[in-house]
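Report on the following structure.
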Amino acid sequence: MTRYGLLIFDGAEELDFAGPWEVFTVSAMQRGQGDTAVLIAEQAGPVRCAKGMRVLPDHTLDDHPPLDVLLVPGGIGTRREVDNPVLTGWIAGVAAQASWVSSVCTGALLLHEAGPARGRRAATHHAFEDTLHARGDITVVRDARYVVDGNVVTSQGVSAGIDMALWLIGQLHGRDHARLVRRHIQY
């Protein structure tokens, strides 16, 4: 059983978490073995994403199940959340326990602030590669859809998160399974 936790926050880019959500939940459906995906936010109640979509989290930072995979999206909200010690502290704590830690787009800024991306190679949205590099103690890999460094997987923006999620389920459940999911979602 694999448990996926997808962080959401005000200003999160919708497709940064919804694309991987589709991959993870189709994977769970295809496996039929109790895999679960949950949305997690700092507080209960609606989260207003970058383009205005309102989403309800399944859990808060304090009441979620143990996670095998953590996914941190990007979006305009990362500029604020990078200075939120409650959120970055939670990311650090979960990352220490999870098998895989991942980000899409500027979610890499949060992984850097929280610690899991420090001293690693990472990808982010092309418009924020210099911003991430300027934070120090990170090697920004430019023009890579996603980058794997140990158990940390970072990707560029939006659709690159789907590529990363497909790669990740391939690592967890095999290439043939990832191909089955890719075919199912017509990607």
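What the table shows:
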{"quantity": "Some residue of region 155-164 being out of contact with any strand residue (DSSP E or B) (no Cβ under 7 Å at 6 or more places or on another chain) and part of a helix (DSSP H, G or I)", "calculated": "yes"}
{"quantity": "Given (1) at pLDDT 95 or above; (2) of a type outside the set (Gly, Ala, Ser); (3) assigned to a loop (DSSP other than H, G, I, E, B), number of the condition ASP143 does not satisfy", "calculated": "(1)"}
{"quantity": "Failed item, numbered, when TYR146 is tested on (1) of a type in the set (Ser, Thr, Tyr); (2) open to solvent by less than 70 Å² (accessible area, probe 1.4 Å); (3) free of Cβ contacts under 8 Å to residues at least 40 places away in the same chain; (4) touching a helix residue (DSSP H, G or I) at 6+ places or on another chain (Cβ under 8 Å)", "calculated": "(2)"}
{"quantity": "Single residue of region 104-126 satisfying the filter (more than 21 Å from PHE9 (Cα to Cα) and of a type outside the set (D, E, K, R)) that is least open to solvent (accessible area, probe 1.4 Å)", "calculated": "ALA122"}
{"quantity": "Failed criterion for ILE91 (all others in (1) under 9 Å from the mean Cα position of the chain (by Cα); (2) among the hydrophobic types (A, V, I, L, M, F, W, C); (3) assigned to a helix (DSSP H, G or I) hold)", "calculated": "(1)"}
{"quantity": "Any hit, region 62-81, residues being in a helix (DSSP H, G or I) and open to solvent by 40 Å² or more (accessible area, probe 1.4 Å)", "calculated": "yes"}
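Residue by residue, here is whether (1) under 16 Å from the mean Cα position of the chain (by Cα); (2) assigned to a loop (DSSP other than H, G, I, E, B); (3) modelled with pLDDT of 95 or more; (4) within 23 Å of GLY89 (Cα to Cα) holds:
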site	(1), (2), (3), (4)
GLY5	yes, no, yes, yes
ASP16	yes, no, yes, yes
GLN30	no, no, yes, no
LEU39	yes, no, yes, yes
GLY45	no, yes, yes, yes
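The values are calculated or read from the model by the stated rules, or taken from the named source; none is laboratory data. Computed from a prediction, not measured in an experiment: that's the story for all the values here. Cβ atoms come from the backbone with ideal geometry, glycine included; neighbour counts cover every protein chain shown. What goes into the accessible areas is simple: the full protein's heavy atoms, side chains included, and nothing from ligands, DNA or RNA. Shrake-Rupley method; radii C 1.70, N 1.55, O 1.52, S 1.80 Å.
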